[in-house]
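Only one structure is covered here, and it is reproduced in the block below.
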Amino acid sequence: MNLKILAALSGLAAGAMASPAFAEAVTLNVWSDTPRLTMFDLYDQTHDNVTLNVTTVAPADLIAKIQLALQAKSEIPDVIFMSDIGYTAQLSTRRSNYLMDLTDKVPQALQDEFYPNGNSPCHVNGKLLCMRNDLAHMIVWYDKSLMEQLGKAVPSSWEEFQKLGEELGPQGYSLGTGVEAFPLYSYLVSDGCDIVMPVEGKADTVKIDLSTDKCLKPARMVDAMLKNGSLSKLGPFEPDFVALAKSGKVPLMIGPTWFGEYVIKPTYEWPAGRLAAALPLKWDDQTQPLTWSWGGGTYGAWKDTAHPAEAVDLVTWMATDIANQTNAVTLPAHRPSAEAWGARLAKDAYYADPNVFQVEAEAAKFSHPGYASLRFSVSDAIAKVVVQPLASGGTVEGALPALQTELTNLAKLNGYQVE
Amino acid sequence: MSIASTTTHSAAEARDRARRAKRKGQRDTRMSYLLLAPYLLLLMMFGVFPVAYAFGLSFFDTIEMVFWGLANYDFVFQDFRIPASVANVLSFVAIWVGLTMVGVAILSLMLDSIGRRAANTLRTIYFLPGAVTSSAIVVLWLFVLDPSVSPFQPVLHAIGWDTRADVISGIGLAGIFAIMAYFSGSGGWIVVFGGALSSLPAEVMEAARVDGANRFQLATRIKLPMIWKSLVLMGILSFAGGLQLFVEPQLMGLAGPQFAQNDWSLNQMAFQYAFRMGDFGASAALSTLLVGASIIIALVIVFATKFYKLD
């Protein structure tokens, strides 16, 4: 009898604990970078059931800090922002098994609202492990007035781009950098070169083949353009290149979607009314462009969080809430959010062309499906094996065999099957 | 009787003195241990314990904490980047230790042969970079070596280096890191050798001067042989320190992503294992190998050269 009452009481207590009337606000620990702070803050303000405890972590330190927290088994964040798409793969290994599998937790209908390949860096071995915040595919940025003044048409193919370089390079104009790893990476994959491409349907398998014409053709283009000076031997953030860009010597360059707002406007300081954008370039033998990306952050949740439902809701909201993403600093990967964001950009008098967003959205269709999250950094390997020898007279084409060896070794070391 | 009593008296006195001296000696020993205690405590906490912990960790899979013997060591030896890192670190150490031994010896001997006040001022100036953290020195050097902003711009241009990449490939990374480390570390040694040189016996210097030795001969024939052992000691300590190279290559990325060096040195590889791959076991294995190498090299030098043997 007594036992029965006790059992009934405890059942009642358990029921009461679970009912929302008695629920206290759940606290989620969040690790963010600086630009995302206001977005997390907005969630905190608009959700009474959740309190966010946000810590700012330098993007480059994120993995190291998570490793430490996992090792110490304390202070592990429930939700994180990842500035590097490689982090998704790096935080879902046996050794650092942090990320929650979101495949069944985010409705398919919502996943379908993303741009094509928008979430490709979040798919690792068929699982959805993160939600993409922003797109970062490469497009053509140009100074409309300067191009008109020079009497040049904006190129639509790589062949035209190279020809424009041949004409303008000797006159001291530059069409961007040839030595920064990410732009170089994007030139090299533009014709479908297999630089560490995940093999569809095979877990942890990548294809690496840099000996094909698809790789040699862009490599030769970069070498020729470095030689005639139309691609600079300076990185895009080096003081001398910034000075060049400020002085009207960079009429056009290939850059990611965030370049306009975050590099050209504040750093290169092009005057208002000159900056315009065009679709990514294609090779003459391609039917449509294939464009690589440079960055694009993602949100992930901890698989062992005490509050999985709230953590998933936060991740989803951050990536897809339209009111939130409209004021985001970068082009949202979620299409309805991006359209609201684009309407804001169209009113910005800084751009020479109100259709910059339309160009960016159109270009998203050509985004490379192989832009995936990997457990090692291909761009670091390019910097080490290709870029550094360039300074002592090497060529991109000449460095491809060494790059093939380096990438194959790195892939095997990180547990990939190489085809 | 009186003689005998004096003898007993003096014997008792001597015994007493010996006892007092012994007690004083014990007191001194206890005092020195007391003074050493804070250092020993910190050495145990931050030196000996982590090394022992890493040694233990290196035989375990740190994810499921199962013993797996030498698997971590095997992983390290299979890593294709290790031979390159070993070569990098050795070339850095060769350049840096050479630069330090020659540079510190020359500067110390020169300072010892000029007026005391000027020498002290210069020593303080040499010491200053050592007071700045090495990370700040790296950033400073990245500016000095960039032909577009460097105060030594004309020199760099005259050599034909127009971009940072030209300078880096021209000097070589090992050379650049050696220069950075030399300027941050040599000042302290110059101060130490200032002390060593000023404590050399004055009568020897006097005798040499009477025999007609000029300043150069005095420095190279008399002073240098007398401080040679200290120079070797500095070499050993620098060698062990040099193997631990980390900050200089790790911060190269500040010069631009195309200059980033993530796996240049062995310590960086240990960092990569632990904090990029999450493999603390492999990291511990590499660190243990590094400590082992330093200890073996130090022992060989100490015993093969009978370094601590008193003359």
Query raised in the report: Using the Karplus equation 6.51 cos²θ - 1.76 cosθ + 1.60 (θ = phi - 60°), what ³J(HN,Hα) coupling, rounded to whole Hz, does each residue of region A:402-419 give in order, writing x for Gly and Pro?
Result: 5, 5, 4, 4, 4, 5, 4, 4, 5, 4, 5, 4, 8, x, 9, 7, 10, 9
Requested in this report: Please list the non-local residues whose amide H lies under 5 Å from the amide H of A:SER367, H modeled 1.01 Å from N, same-chain partners needing a gap of 5 or more.
Outcome: A:THR291
Report summary line: The helix B:173-198 Cα axis meets the longest alpha-carbon principal axis of chain B at an angle in degrees, between 0 and 90 and rounded to 10, of 10
Report summary line: Taking a straight Cα-to-Cα line shorter than 18 Å from B:LYS223, and setting aside same-chain aspartates and glutamates fewer than 8 residues away, one finds B:ASP112, B:GLU203, B:GLU206, B:ASP211, B:ASP311
Report summary line: Any lysines whose Cα falls less than 19 Å from that of B:LYS22, other than same-chain ones fewer than 8 residues away, would be none
Report summary line: For the B:LEU237, B:ASP211 Cβ pair and Förster radius 30 Å, calculated FRET efficiency rounded to 0.05 is 0.30
Query raised in the report: What list of whole percents do you get for P(r) of the protein assembly as shown, with Cα-Cα distances grouped in 20 Å bins up to the one holding the largest distance?
Result: 14, 39, 29, 13, 4, 1, 0
**Report entry** Contour excess over end-to-end distance, with Cα ends at B:TYR39 and B:LYS24 and 0.36 nm allotted per residue
**Finding:** 3.1 nm
Report task. Collect residues whose amide H, placed 1.01 Å from N in the peptide plane, falls under 5 Å from the amide H of A:MET82; neighbours closer than 5 in sequence don't count. Result -> A:THR298, A:TYR299, A:GLY300
Query - Considering only the protein assembly as shown, percent of DSSP beta bridges that pair antiparallel, nearest 5 - result: 65
Query - trypsin sites (Lys or Arg not before Pro), loop per DSSP, at most 10 other Cβ atoms within 10 Å - longest free stretch of chain A - result: A:74-346
**Report entry** GNM result for chain A, Cα springs below 10 Å: residue of A:ALA306, A:ALA363, A:ALA372 fluctuating most strongly
**Finding:** A:ALA306
Query - Distribution of pairwise C-alpha distances over region B:2-57, 10 Å bins, in % - result: 21, 21, 18, 15, 11, 8, 4, 1
Requested in this report: Mind scanning A:LYS202/A:LYS384; A:LYS214/A:LYS265; A:LYS207/A:LYS282; A:LYS303/A:LYS384; A:LYS152/A:LYS347; A:LYS144/A:LYS384 and naming the pairs with a C-alpha gap bigger than 31 Å?
Outcome: A:LYS214/A:LYS265; A:LYS303/A:LYS384; A:LYS144/A:LYS384
Report task. Grab the beta carbon distance between A:THR34 and A:SER74, set R0 = 22 Å, and tell me the FRET efficiency rounded to 0.05. Result -> 0.35
**Report entry** Computed FRET value (nearest 0.05) for A:THR212 with A:ALA153, which takes r as the C-beta separation and R₀ as 45 Å
**Finding:** 0.90
**Report entry** Full-extension gain in nm, A:SER392 to A:THR103, via 0.36 nm per residue minus C-alpha separation
**Finding:** 99.3 nm
Query raised in the report: Residue by residue, what Karplus-based ³J(HN,Hα) values in Hz, rounded to whole numbers, does region B:153-168 have, using 6.51, -1.76 and 1.60 with θ = phi - 60° and x for Gly and Pro?
Result: 3, x, 5, 4, 5, 4, 6, x, 9, 9, 10, 4, 4, 4, 4, 5
Query raised in the report: So how far apart, in nm, are the two label points at B:ASP16 and A:GLN288 if each is 7 Å from Cα heading toward Cβ?
Result: 10.9
Requested in this report: Could you pull out which residues in region A:342-376 have an amide N less than 13 Å from a spot 7 Å beyond the Cα of A:ALA272, following the Cα-Cβ vector?
Outcome: A:347-352
Report task. Pull out the extension gain between B:LEU254 and B:VAL155, defined as 0.36 nm times the separation in residues minus the alpha carbon to alpha carbon distance; nm, one decimal. Result -> 33.3 nm
Requested in this report: Hey, can you grab everything whose amide H is under 5 Å from the amide H of A:LEU128? Only 5+ residues off in sequence or another chain; H modelled, so Pro and N-termini drop out.
Outcome: A:LEU102, A:THR103
Query - Restricting region A:135-215 to GluC sites (Glu not before Pro) in coil, as DSSP defines it, with at most 14 other Cβ within 10 Å - result: A:GLU200
Report task. Excluding residues on the same chain fewer than 8 positions from A:LYS217, give the aspartates and glutamates whose Cα lies under 17 Å from its Cα. Result -> A:GLU159, A:GLU160, A:GLU166, A:ASP191, A:ASP194, A:ASP209, A:ASP284, A:ASP285, A:GLU397
Query raised in the report: If you bin every alpha carbon distance in chain A into 10 Å steps from zero, what whole percent lands in each bin?
Result: 4, 20, 29, 24, 13, 4, 2, 1, 1, 0
Query raised in the report: If you count, for every residue in B:277-286, the Cβ atoms of partner chains within 10 Å of its Cβ, what is the mean?
Result: 4
Report task. Averaged over every viewing direction, what's the projected area of the C-alpha convex hull for region A:314-394? Give it in nm², one decimal, please. Result -> 8.6
Query raised in the report: Of A:PRO354, A:PRO183, A:PRO289, which has the largest mean-square fluctuation in a 10 Å C-alpha GNM of chain A?
Result: A:PRO354
Report summary line: Of A:LEU244, A:LEU407, A:LEU226, the most mobile residue in a GNM of chain A (C-alpha springs, cutoff 10 Å) is A:LEU244
Query raised in the report: Ordered by residue, what ³J(HN,Hα) values in Hz, to whole numbers, does region A:233-238 give under the Karplus form 6.51 cos²θ - 1.76 cosθ + 1.60, where θ = phi - 60° and Gly and Pro are x?
Result: 8, 10, x, x, 10, 6
Query raised in the report: Per residue, how much space in cubic angstrom lies within the convex hull of the C-alpha atoms of region B:80-304?
Result: 148
Report summary line: Working note, region A:81-235: Cα radius of gyration (Å, one decimal) and Dmax (Å, whole number) are 19.5, 57
Report summary line: Quotient of Cα radius of gyration and Kirkwood radius for region B:1-132, i.e. Rg/Rh, equals 1.28
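Here, each number is a calculation from the coordinates, and none is a lab measurement. Small disclaimer: the values here were computed from a predicted structure and weren't measured. Positions of Cβ are generated from backbone atoms using ideal geometry, with glycine treated the same way; all protein chains shown enter the neighbour counts.
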